[in-house]
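These notes concern the structure reproduced below.
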Amino acid sequence: MAIRIERLFGQSGVLIMLLACLLSPAVVPAQEAIVPLQFSFSDPGARSMGFGGAFVALADDATAAFSNPAGLTQLLGPEVSIEGRHWSYSTPYTEGGRLEGLPSGLGIDSTVGLRTATSDFDASGVSFLSLAYPHGN
């Protein structure tokens with residue numbers, strides 16, 4: 001097949017067609033990505049937050065159990081670390097409606113246009129607890 005196309009148009013014609021296909025704009029519909037999961041990869045402790053999260057190489061206290069366990073070998077005495085956090089989530093979602101065409105009137109397909117709502121959640125609790133007790137070397 002490729003040989004037939006090359007015989008019809010020649011090498012320069014095939015190259016021009018290939019470039020035209022690669023450089024032609026594609027139609028891509030835009031939509032907002034709604035991510036329902038909330039991730040927090042920040043290390044525990046005020047000292048870690050003070051370093052802007054760049055605490056892994058310096059982890060030399062009880063919070064090293066999370067960020068860099070090798071830092072626990074530098075402890076001279078017992079340490080306790082506890083951290084509490086408050087989480088507040090607000091997740092938008094589509095509640096119903098119809099984007100295109102006329103609604104059927106069945107179930108959530110009863111209004112023209114999308115109906116959106118927001119799910120809110122607040123929680124507080126202990127996010128990190130560590131007791132480090134060095135023993136021997």
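Computed from the coordinates by the stated procedures, all read-outs in this text should not be read as laboratory data. On a predicted model such as this, the values are computed, not experimentally measured, just so you know.
Proximity of backbone amide H atoms, modeled 1.01 Å from N, is registered between residue 128 and 83 at under 5 Å, excluding neighbours fewer than 5 places apart on the same chain. Here region 45-137 yields Rg over Rh of 1.40, to two decimals, using C-alpha coordinates and the Kirkwood radius.
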